[in-house]
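First up is the structure itself, then whatever we jot down about it.
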Amino acid sequence: MPDLETTKATLSVTDIAALNDAELAQFMQKHRSHNGDFDLPVDGWDKLSKLGRNRLAERLKAQERILSQNPAGNSRALDLDRLDARLRQVSDGDNIVPQVLRMQTPPYSEEDELRDRIDDETDAYNDLVRDGGRPLYPISLIDLVSQNPEKHHDMLRPFWAYPRDTQPSWSVFRRQLKRWRDFRKWQVDNRGLEDEDGGFPAFVEMMKRIYTKCAYEDGLAKIEADPSWLKSEWLDDQRIRRWQRHHQRERGCNGFSDYVDAVKRRLTRHGFTRPFELQEDPKQQDKLTTWIEYLCFEYWWLDRYTDSIERLQPDHDKRWQELVDKEIPKPHETKDFIRTTPSSMQRQKEDDRVWEAKVAAEAEASRVYFLTQKDPRRLSIPEERRKRMLHAATKKLVAAKKLYESTKRRNDLVTDFIRATFDYVNAEKDAAGHATLTQWVLEQVSLVEAELIQAKITEAGPDTKNKKRKRAQDEDRPEKRSSKKRKPGHGEISRLSQSSRTGLANLGEASQSPPRTMSGKNCMARDEAPGAQRRQADSTRLVRSMDASPAPTRGLRRSARIAARLNNSQPTLATTLSGDLPPKLRPKTRRSTKNSYGSRGPEASAASKIENRKRGSRVQAGRVSKRLGASGR
């Protein structure tokens, strides 16, 4: 690892990409100016592949978000949009001219940021409900959740900081929406159907809506002048979509019937054996069947992560054993501990200490050499003493160099192990997170079924009343009562109807937290929230059902707040860019098509391109870059 403490020269991008997360954070922190800007001395972006550049940019953004939350440092954001533009230039073969665009930080308070995030969550909630999804909790609790996420951790657990992204842990609706939209694509792809997204014209109209919502006037003007500047990004999305259509699906299926068999086999392997019938047109399926198909979708990803663990574990274990055989790990260091930030910081301190000792020994050796060999007054020192001085300095220098080399070798071997096993560790994290997610999806099956039954009972209300009236009359006529025959299943429906009046109203809130298993029956546990929260949840239980209504508007929205802030913010250019960036240099979100995040969903992801306009110094001059992870495109 390069000496990050003392080196000010430009480093190779390959060196930076090779750093683990803790080392990358240290590197960024050490090149952070007093005003909070990051000035990273990195060159050679063209040496990385496009995928490598995208991954590095995502890691830099993640570390910037962590560092910006550090109260010990200035929270001014790293200009990663600028970095992304440079990466796009390299991708298109253009020459890079280092330029720095700096903006004065607009008046964007933590309260403004929280309100914007609540707006984003509310939008995701409404989109999820409209598309038939099941929000994790009632939208009426959004203020309480955002103000104290940890207090509601159990309720948010299925989507708490998972799937992994850079959004706050409590942004569960955006993650849910992204999963649900990926599932909708899964339904289409496995049936051999085509996307009904309206093509490029619909994409242009969507971007207009997003820019209008976020008060991005420059973007609107560009679209009105020449919509074709959006074409390259739309084509990029289409390429990602083709990759997803080919790779993220049940394998070996030649038609709908094969897909149905594959779904049933996968669910059976996971212990789900209840009958269901998929429809060739997913729009014709009832909500229960669709939810069961969604369960299979999430099981597919769980199996994928589990398979990755099994595939990567032998290599991981082999590499660790090699370290143990070389006596590299210290007694207290486990394969998990060496990945932690404290362990990384300790290794960095060791590197710094032995480096400083080597430098000091070299300086002392040079001084002694001059005194004993070059100084005109050296003869005033007895020859034997000069020899002893030279011998001692040389011995100390050799020892310092040896310690430095051994320490560096040890730490480099540990770092190499960490880098080589990233995929295995990530697969473990994803499998653990997805196991929790799929368990929640499984537990929702009975709730979806109960809601459908309750809806049928409600629809049959008048007939039910007539039957009750007739039954009451029969009870007054014993001769007829004795001759009546009981209909099959009547008792079960009656019991369900009775329990519906006392229990099904709780379904909305029950879905907020996993059920507790008691004596083989699922007993839904209430969220252990304070009384005020519980009462608020009670008022929204039925809204949480499959027919949940969109959340009401919440007063002044993002566009008005952004406009007010931008009116008070004036950009200053340290080095002025010559004109606007051409469309092909417009920063785009880094995306990995090898993970569960798939391609990004349309409107919610496009909205995220203007998030930097409201994130402190991320308000960039006439540029939209960072996408929110609401659903991805």
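Looking only at the range 87-130, count every residue that is among the aromatic types (Phe, Trp, Tyr) and modelled with pLDDT of 85 or more and tell me the total.
Selection size over the range 87-130: 1.
Mind checking which residues of the range 191-244 are part of a helix (DSSP H, G or I), under 30 Å from ASP261 (Cα atoms) and among the hydrophobic types (A, V, I, L, M, F, W, C)?
ILE240, TRP243
Kindly list the number of the only condition in (1) within 30 Å of HIS270 (Cα to Cα); (2) in contact (Cβ under 8 Å) with a residue 12 or more places away in the chain that fails for ARG386.
Exception for ARG386: condition (1).
Limited to the range 231-254, what total is found for residues that are in contact with a helix residue (DSSP H, G or I) (Cβ under 7 Å, 6 or more places away or on another chain) and of a type in the set (A, V, I, L, M, F, W, C)?
2
Out of (1) at pLDDT below 70; (2) over 23 Å from the mean Cα position of the chain (by Cα); (3) not aliphatic (A, V, I, L, M), the odd one out for LYS50 is which?
(2)
Taking interchain pairs and intrachain pairs at least six residues apart, which have beta carbon atoms under 7 angstrom, with the first residue in the range 151-163 and closer than 11 Å to LEU141 by Cβ and the second polar (S, T, N, Q)?
MET155/GLN512; MET155/SER513
Would you be able to tell me the number of residues in the range 318-332 that are part of a loop (DSSP other than H, G, I, E, B) and touching a residue at least 12 places away in the same chain (Cβ under 8 Å)?
3
With charged (D, E, K, R), modelled with pLDDT under 95 and within 30 Å of ALA450 (Cα to Cα) as the only criterion, which of LYS326, LYS283 stands out?
After applying the criteria, what remains is LYS283.
Given the options ALA431, ALA427, ALA420, name the one that is within 30 Å of ARG55 (Cα to Cα), exposed (fewer than 15 other Cβ atoms within 10 Å of the Cβ) and in contact with a helix residue (DSSP H, G or I) (Cβ under 9 Å, 6 or more places away or on another chain).
Going through ALA431, ALA427, ALA420 in turn, just one is within 30 Å of ARG55 (Cα to Cα), exposed (fewer than 15 other Cβ atoms within 10 Å of the Cβ) and in contact with a helix residue (DSSP H, G or I) (Cβ under 9 Å, 6 or more places away or on another chain): ALA420.
Criterion first (within 30 Å of GLN29 (Cα to Cα) and either of a type outside the set (Ser, Thr, Tyr) or part of a loop (DSSP other than H, G, I, E, B) (or both)) does ASP351 satisfy it?
So ASP351 passes the test.
Can you pull out every residue in the range 338-370 that is charged (D, E, K, R) and over 22 Å from ILE381 (Cα atoms)?
Selection gives ARG339, ARG347, LYS349, GLU350, ASP351, ASP352, ARG353, GLU356, LYS358.
Could you check THR306 against (1) surrounded by 14 or more Cβ atoms within 10 Å (Cβ to Cβ); (2) closer than 18 Å to ARG181 by Cβ; (3) out of contact with any Asp or Glu (no Cβ under 7 Å at 6 or more places or on another chain) and say which number it fails?
Answer for THR306: the failing condition is (2).
Residues in the range 366-374: is at least one within 30 Å of ILE292 (Cβ to Cβ) and surrounded by 14 or more Cβ atoms within 10 Å (Cβ to Cβ)?
no
Just the residues that are in contact (Cβ under 8 Å) with a residue 12 or more places away in the chain and not hydroxyl-bearing (Ser, Thr, Tyr), please, taken from the range 334-352.
Passing the criteria: LYS335, ILE338, ARG339, MET345, ARG347, GLN348, GLU350, ASP351, ASP352.
Please state which one of LEU390, LEU379 is surrounded by 16 or more Cβ atoms within 10 Å (Cβ to Cβ), assigned to a helix (DSSP H, G or I) and either outside the structural domain of TRP160 (by TED's automatic domain parsing) or over 26 Å from the mean Cα position of the chain (by Cα) (or both).
That would be LEU390, the only listed residue that is surrounded by 16 or more Cβ atoms within 10 Å (Cβ to Cβ), assigned to a helix (DSSP H, G or I) and either outside the structural domain of TRP160 (by TED's automatic domain parsing) or over 26 Å from the mean Cα position of the chain (by Cα) (or both).
Would you pick out the residues in the range 316-359 that are touching a helix residue (DSSP H, G or I) at 6+ places or on another chain (Cβ under 6 Å), more than 21 Å from LEU403 (Cα to Cα) and surrounded by fewer than 17 Cβ atoms within 10 Å (Cβ to Cβ)?
Across the range 316-359, the qualifying residues are PHE337, THR341.
Here are ASP416, ASP430: which of them is within 30 Å of GLN321 (Cβ to Cβ) and free of Cβ contacts under 8 Å to residues at least 12 places away in the same chain?
Residue meeting the stated conditions: ASP416.
Within the range 296-330, how many residues are among the acidic types (Asp, Glu) and closer than 14 Å to VAL425 by Cβ?
Going through the range 296-330 one residue at a time, the tally reaches 2.
Going by what's in this entry, would ARG266 be described as assigned to a helix (DSSP H, G or I), without any contact (Cβ under 8 Å) to a residue 40 or more places away in the chain and in contact with a helix residue (DSSP H, G or I) (Cβ under 6 Å, 6 or more places away or on another chain)?
yes
Working carefully through the options ARG274, ARG266, find the one that is touching a Phe, Trp or Tyr at 6+ places or on another chain (Cβ under 7 Å) and more than 22 Å from VAL129 (Cα to Cα).
So the residue among ARG274, ARG266 that is touching a Phe, Trp or Tyr at 6+ places or on another chain (Cβ under 7 Å) and more than 22 Å from VAL129 (Cα to Cα) is ARG266.
The values are calculated or read from the model by the stated rules, or taken from the named source; none is laboratory data. Model, not experiment: these values are computed from the prediction. Every residue, glycine as well, gets a Cβ built from its backbone with ideal geometry; the counts of neighbours run over all protein chains shown.
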